[in-house]
Amino acid sequence: MRHAHTVAQVRAAEEASPDLASGVLMQRASHGLAQVVIDLLGGAYGRRVVLLVGSGDNGGDALYAGAALARRGALVEAWLLADRWHEPGLAALRRAGGRVVLRSA
């Protein structure tokens with residue numbers, strides 16, 4: 001059985017964290033997400049991963065996780081679904097070799 005936290009639980013933990021403003025929390029979340037994907041896929045190298053990226057910090061988590069996966073040899077494609085996105089996360093994904101697809105209007 002898989003366990004998941006509610007949005008309210010996640011927000012409460014974020015608000016209680018002094019690491020939120022420094023970006024440390026986002027890095028931890030994205031590395032955890034990347035590890036879950038690696039575990040589910042049985043590895044990263046040679047796997048294809050498509051990110052559906054919205055705006056805000058959740059999109060940033062996905063982009064940073066995608067960058068971590070790309071550095072481990074996954075072929076990562078990020079579909080940007082919102083009108084704005086997390087710029088530092090997008091830059092990290094591009095540096096790692098990820099491909100970016102903009103939503104068509």
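Estimated from helical segments only, the mean residue ellipticity of the chain at 222 nm is -15500 deg cm²/dmol, where each DSSP H run of four or more residues counts as -39500 (n - 2.57).
Dipole of the chain, Cα-centred, from +1 at each Lys and Arg C-beta and -1 at each Asp and Glu C-beta, to the nearest 20 debye?
Values: 12 positive and 9 negative charges, 99 e Å.
The dipole of the chain has a size of about 480 debye.
With the charge dipole of the chain set up from +1 on Lys and Arg Cβ and -1 on Asp and Glu Cβ about the Cα centre, the Cα lying farthest toward the positive end among the listed residues G66, A82, V10 is that of G66. Ranked by the mean number of other Cβ atoms within 10 Å of their residues, highest first, the peptides 77-89, 34-46 fall in the order 77-89, 34-46.
Rounded to the nearest percent, how much of the accessible area of the chain (1.4 Å probe, protein heavy atoms only) is carbon and sulfur?
Percent of accessible area from carbon and sulfur atoms in the chain: 57.
Solvent-accessible area per residue for the chain at a 1.4 Å probe radius, Å²? Write down the numbers at each step before the final one.
Values: 6900 Å² over 105 residues.
Result: 66 Å² per residue.
Output the Kirkwood hydrodynamic radius of the chain, Cα pairs only, in Å rounded to one decimal.
Working: mean 1/r = 0.0707 Å⁻¹.
About 14.1 Å for the chain.
Under 5 Å from the amide H of V100 lie the amide H atoms of A78, each residue being 5 or more positions distant or on a separate chain, with H modelled from the backbone and absent for Pro and chain starts.
The values are calculated or read from the model by the stated rules, or taken from the named source; none is laboratory data. Given the structure is predicted, the values throughout are model-derived calculations rather than measurements. Reconstructed Cβ throughout: ideal geometry from the backbone, glycine too, with neighbour counts over all protein chains shown. Quick note on the areas: whole protein, heavy atoms, side chains included, nothing else; ligands and nucleic acids left out. Shrake-Rupley method; radii C 1.70, N 1.55, O 1.52, S 1.80 Å.
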